[in-house]
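What follows is one structure encoded as structure tokens, with my remarks underneath.
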Amino acid sequence: MTIEELRKHCLAVKGAEENLGSDEAMISYKVMGKVFAFFVLAPKDNEYFVVIKCDPGKSAELREKYEGVTKGYYNGDSLLWNSVYLQKDVPDTLILELINHAADEVIKKLPKYKQKEYFNQ
């Protein structure tokens, strides 16, 4: 998967907004004002990765199964965020599913009135 494919999929999420970081080295994706994914434009050790919000139970399972899923870059030991490396053993289809899952995680944690607003857009 390329960075451009990843970008297009993030933008395809209903209501997604793309935000360039203040240092122009990071792009984040938000839904209803909350970040669900971000990536750094300069690769770490020549490997691109995306940081994706995730259900903690699912995070633990993914980290055990795939070398390309690690703790979220910038987020310490939290199981709420994963770094997913695009050139490692994580299938592209799974990366796309995880992007959708991340947006769903953000939406389900919003107050009910915000969820209603989102689904009625």
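Matching the structure-derived Cα Rg over 2.2 N^0.38 Å against the labelled list (1) 1.52; (2) 1.02; (3) 1.80 gives the label (2). Taking the helices alone, the chain has a mean residue ellipticity at 222 nm of -11500 deg cm²/dmol, built from -39,500 (n - 2.57) per DSSP H run of at least 4 residues and averaged over all its residues. Distance between the pseudo-spin-label points of E18 and Y118 (7 Å out from Cα toward the beta carbon): 2.1 nm. For the chain, the longest principal axis of the C-alpha atoms and the axis of helix 3-12 are separated by about 20°. Taking amide H as placed 1.01 Å from N in the peptide plane, L86 has its amide H under 5 Å from the amide H of Y48, F49, V50, each at least 5 places away in sequence or on another chain. Rounded to the nearest whole Hz, the Karplus-based 3J(HN,Hα) values (6.51 cos²θ - 1.76 cosθ + 1.60, θ = phi - 60°) of the stretch 92-103 follow the sequence 4, 4, 5, 4, 5, 4, 5, 4, 5, 4, 4, 5, with x at glycine and proline. Evaluating 6.51 cos²θ - 1.76 cosθ + 1.60 at θ = phi - 60° for every residue in the stretch 104-116, the Karplus couplings come out as 4, 4, 5, 4, 5, 9, 6, x, 3, 5, 6, 4, 4 Hz, glycine and proline recorded as x. The calculated FRET efficiency for L110 paired with E64, based on their beta-carbon distance and R0 = 25 Å, is about 0.25.
Each value in this text was obtained by applying a stated rule to the coordinates, not by laboratory testing. Fair warning: this is a prediction, and the values are worked out from it, not measured in the lab. For neighbour counting, all protein chains shown are included, and Cβ atoms are generated from backbone atoms with ideal geometry for every residue, glycine included.
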